[in-house]
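To start, the structure under review is shown below, and the notes come after it.
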Amino acid sequence: MSNLEPHPAEERVCAGETDPALPDPDAELLEPREVPLGGPRAMLVRRALPGKDRRMVGAWCFADAYGPTDVSTGAGMQVPPHPHIGLQTVSWLVRGSVHHLDSVGSDQLVHPGQLNLMTAGNGIAHSERTPANAPGLLHGAQLWVALPEADRAGAPHFEHHADLPALDLPRLAPDGAGADEDAASPTGRAPAGARVTVIMGEVDGRRSPARTYTPLMGAELVLEPGARVRMPLDPAFEHGVLALDTTVHALGHRVDAGSLLYLGQGRDHVDLHAGEAAHLLVIGGEPFTEDLVMWWNFVGRDHDEIVRARTEWERDREAPGPDPRFPAVAGDEGAALPAPDLPNARLRPRPRHRP
């Protein structure tokens, strides 16, 4: 997905909010801002990362949630060819389908429960569109993962994973003390309270086949109505809980759809519950220590690198030469997306968190 704001700032972000009554000061609620995807009449996305002060969760540096949106009578998602550098795009659907095309020749539909993972490296272009005869509702998320210095100039590539590892989390007793024995099945086990799909990294011994470049994890939880579950976490990671469709409760916070609850390091679990069936993402990773310049669809390290990438994108989309940095996206007949104007001031690298 592209950042389609016509005048993207180096960092235009939502306000963060911390509940002063929360006993643990490491928990921080990031509320999203709405951004039109493709223009004022296009579908809206809710952007929680980067936040005003909290810009990353591990290497995760961008998080958009969208839908459920009725695409049966409209264009749906129509993101024309656009470039990326220095990141991975993680596309995840709850409902609907999206057609991905890119400049390394990938041509892939993604459906709910499947992962489209694109590693931009030194440069890639792609498009994402609602296909013809798609289901009537579109609902999902796209996230970006920053690539570390050692890997960010590598060759671009694409992965599709239709079969990801999964596990069930049992319902907790109402007081959260353990499995709900009163609701146990005839086998003596508490019924499942959530289904966990491991998108990237590892959860409770289940590892995704998706390629990662820093220690991180990402998982979808599908909570049963009224269920309370305990999600295992790696204490070495910082984490975020991103609600996708309804309110989720964690650590005394109400996490509404599109909001992200940041959890600092040192936790080995988080208890989650919702009054109705809920989809949410849990992301995490070791704190990313490299300062970044994030502008438009580029993740770099300094102003000059961003200027160079923008210049080369404009050259390649208008008159590609024999060895373009951003080759054309074969199969997409739409015009490529022009880059917005750069700001007057030099772009500055930013740390993952503003003190």
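The values are calculated or read from the model by the stated rules, or taken from the named source; none is laboratory data. Here the structure is a predicted model, which is why all the values come from computation and not from measurement. Reconstructed Cβ throughout: ideal geometry from the backbone, glycine too, with neighbour counts over all protein chains shown.
Applying the criterion of being part of a loop (DSSP other than H, G, I, E, B) and modelled with pLDDT of 95 or more to the residues of region 115-130, the residue that is surrounded by the most Cβ atoms within 10 Å (Cβ to Cβ) is Ala120.
Checking the condition closer than 22 Å to Arg152 by Cβ, buried (at least 24 other Cβ atoms within 10 Å of the Cβ) and not aliphatic (A, V, I, L, M), which residue from Gly58, Gly105 passes?
After applying the criteria, what remains is Gly58.
Of all residues assigned to region 181-188, none qualifies as being within 21 Å of the chain's Cα centre (by Cα) and either of a type in the set (Val, Ile, Thr) or at pLDDT 95 or above (or both). Take Ala155 and decide whether it is within 30 Å of Arg301 (Cβ to Cβ) and surrounded by 20 or more Cβ atoms within 10 Å (Cβ to Cβ). So Ala155 fails the test. Would you please name the residue that is surrounded by the fewest Cβ atoms within 10 Å (Cβ to Cβ), looking only at residues in region 64-96 that are β-branched (Val, Ile, Thr) and under 13 Å from Met43 (Cβ atoms)? Ranking the qualifying residues of region 64-96, first place goes to Thr73. Of the residues Gly201, Gly205, Gly178, the single one that is at pLDDT 65 or above and within 20 Å of His273 (Cβ to Cβ) is Gly178. A single entry from Leu221, Leu138 fulfils the requirement of being closer than 30 Å to Leu292 by Cα, modelled with pLDDT of 95 or more, outside any loop (DSSP other than H, G, I, E, B) and not charged (D, E, K, R): Leu221.
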